[in-house]
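Structure, as C-alpha cells:
The values are calculated or read from the model by the stated rules, or taken from the named source; none is laboratory data. On a predicted model such as this, the values are computed, not experimentally measured, just so you know. Don't worry about glycine lacking a Cβ; one is built from the backbone with ideal geometry, like all the others, and counts go over all protein chains shown. Accessible surface is based on the protein model in full, side chains and every heavy atom, while ligands, DNA and RNA are left aside. Shrake-Rupley method; radii C 1.70, N 1.55, O 1.52, S 1.80 Å.
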Amino acid sequence: MRRPASSPPEGGTESRARLGVLIPAYQPDQRLADLAGKLMEAGFSVVVVDDGSSAASAPVFQALDPAVVLRHEENRGKGRALKTGLAYLADRGFTGAVTADADGQHSVEDILRVAEALAGRSGRLVLGAREIAQMPLRSRTGNSLTRTLFRLLYGIRLQDTQTGLRGIPLTEQSVPGLLALSGERYEYEMEMLIHSAALFPGGVEELPVQTIYFPESAGESHFQPLRDGMKIYSVLFRRLPRFFLSSLMTFLVDYLAFNLLYYLVLGSSVPSAVLARCAAAGVNYHVNRRLVFGGSYGLGGYLKVLASLLLLNCALMYLLVDRLGLPAFLMKPLVDGGLYAVSFAWQNRLAQ
C-alpha cells in the first residue's frame, strides 16, 4: 500500500478540518479527479483508496494531488478499501469520515450537507438517502427488496440501505468495531447498518440527497448483481441456517420427549405433550441464545414471541379451517411455514 509523504490538507473551517472525505476507487475515470478537485477547493481533506486499478487509471490518480492516495496492489473489494481508508483517517486524528463513490453519483453539495450533519451530531451515522423512485429499474428493484428485508429482519426503517454517501463518526468506540466487521466487498456497508446500534450510540439519520445516475456508464458498474447481491443477502440471512438447525433439534427433542413420557412414564397424551413442549422450548431458547442469535436475545422477549406465535397459530387455524372450511391437512403446513418465517424475523430482532 502506497502512502504519499504529504499530509491531507486541512479544511477551511474548524468543524471540517477533522472530517475527511474517503473515496474508494477501482478503475476510475475523470469524474473522480473532478470530484476530488471540487472537494479540496471546498476545504475538505480527501483520501482516495486505489483498490488495485490497472495502469490505465494511473493518470487519474496522478491528477488527484494533493489528495492522499492509498493503494491496494490488487483488487480487494469496496469493503476492504473502506477499512483501509477509515484506519488511515482514524490513525491521524480525524473525528469523522464522509464516504463517497468515485463515479460522480454524489454531488459536492450533498457531501457538504452530510459532513455538516456529521459534525453537528455526536456519535450518529448519517446516510445520504436517494429517492428510490428516481433510480433505474434494476437499482430500484434491488434497493426496495433490500430495505424491506432489512426492516423486517432488523426492525430498522431506512429509505436507502445501499447508499455509498455516509457520514461515519470515528470514535474510540466505533473505529475498532468498524475495522473488525466482516465483509470485503459491498456487503461491508450492510454489515455497518446491521451493527449500527452497537457502533453508533447516537443512532442513524438519513438526509435526502440527489439521485444521480449516468446513462452512458450503465455498463461500467463494478457491482456484480449475482455475486455481490448474494453476499449482501447472505449477510441479511446469515442466522437462518443455524436457526433451521436449531428448529430441527427442537422438533427432535419434542418428538422424543413426548414418546418417552407417554410410553414409559405418564401414559397420557396431554400432559406428555405439554411437558415435552416445555422441554423442547427450553432447549430451543438456550441454543438460539448461544449459537444462533446471541446479542441482547433474552428470555422475556423469547417467551413473548412464543406466546404470540401460539395465539396466531390458533387464530389462523380457527379462521381457515373452522370458519372457512378449508382442509386442515393443507392449512396446517401453510400456517406453520408462514409463522416459521415470522418467528425467525421476530427472534432476529431480539438480538439487535
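Checked against the criterion of being closer than 19 Å to Phe237 by Cα and either in contact with a strand residue (DSSP E or B) (Cβ under 6 Å, 6 or more places away or on another chain) or not in a helix (DSSP H, G or I) (or both), the candidates Gly294, Gly325, Gly338 yield just one match: Gly294. Residue check: Val235 meets all listed conditions (1) of a type outside the set (S, T, N, Q); (2) modelled with pLDDT under 90; (3) over 14 Å from Met190 (Cβ atoms) but one, namely (3).
Which count do you get for residues in region 296-326 that are open to solvent by 50 Å² or more (accessible area, probe 1.4 Å) and not small (Gly, Ala, Ser)? Of the residues in region 296-326, 15 are open to solvent by 50 Å² or more (accessible area, probe 1.4 Å) and not small (Gly, Ala, Ser).
Which one is surrounded by the most Cβ atoms within 10 Å (Cβ to Cβ) among residues in region 171-209 that are β-branched (Val, Ile, Thr) and outside any loop (DSSP other than H, G, I, E, B)? Can you show your working first?
Narrowing region 171-209 to residues β-branched (Val, Ile, Thr): 171, 175, 194, 204, 209.
Retained after the next criterion (residues that are outside any loop (DSSP other than H, G, I, E, B)): 175, 194, 204.
Details: Val175: 18, Ile194: 21, Val204: 18.
Among those that are β-branched (Val, Ile, Thr) and outside any loop (DSSP other than H, G, I, E, B), it is Ile194.
Based on what the data block shows, is Gly229 closer than 30 Å to Gly79 by Cα, loosely packed, with under 15 Cβ neighbours inside 10 Å and touching a residue at least 40 places away in the same chain (Cβ under 8 Å)? Against the criterion (closer than 30 Å to Gly79 by Cα, loosely packed, with under 15 Cβ neighbours inside 10 Å and touching a residue at least 40 places away in the same chain (Cβ under 8 Å)), Gly229 does not qualify.
Determine whether Leu22 is under 20 Å from Arg185 (Cα atoms), touching a Ser or Thr at 6+ places or on another chain (Cβ under 6 Å) and at pLDDT 95 or above.
Yes.
Please note which helices (runs of 4 or more DSSP H) are completely contained in region 61-167 and include at least 3 residues that are surrounded by fewer than 17 Cβ atoms within 10 Å (Cβ to Cβ). Walk me through how you get there before you give the answer.
On the way: elements: 78-91, 108-120, 137-154.
Ranges flagged: 137-154.
Answer yes if at least one residue in region 253-276 is β-branched (Val, Ile, Thr), within 27 Å of Phe237 (Cβ to Cβ) and touching a residue at least 40 places away in the same chain (Cβ under 8 Å), and no otherwise. So far as region 253-276 goes, no, none of its residues is β-branched (Val, Ile, Thr), within 27 Å of Phe237 (Cβ to Cβ) and touching a residue at least 40 places away in the same chain (Cβ under 8 Å). Within region 42-52, can one find any residue that is part of a helix (DSSP H, G or I), out of contact with any Leu (no Cβ under 6 Å at 6 or more places or on another chain), closer than 17 Å to Ala115 by Cβ and open to solvent by 10 Å² or more (accessible area, probe 1.4 Å)? The answer is no, given that none of the residues of region 42-52 is part of a helix (DSSP H, G or I), out of contact with any Leu (no Cβ under 6 Å at 6 or more places or on another chain), closer than 17 Å to Ala115 by Cβ and open to solvent by 10 Å² or more (accessible area, probe 1.4 Å).
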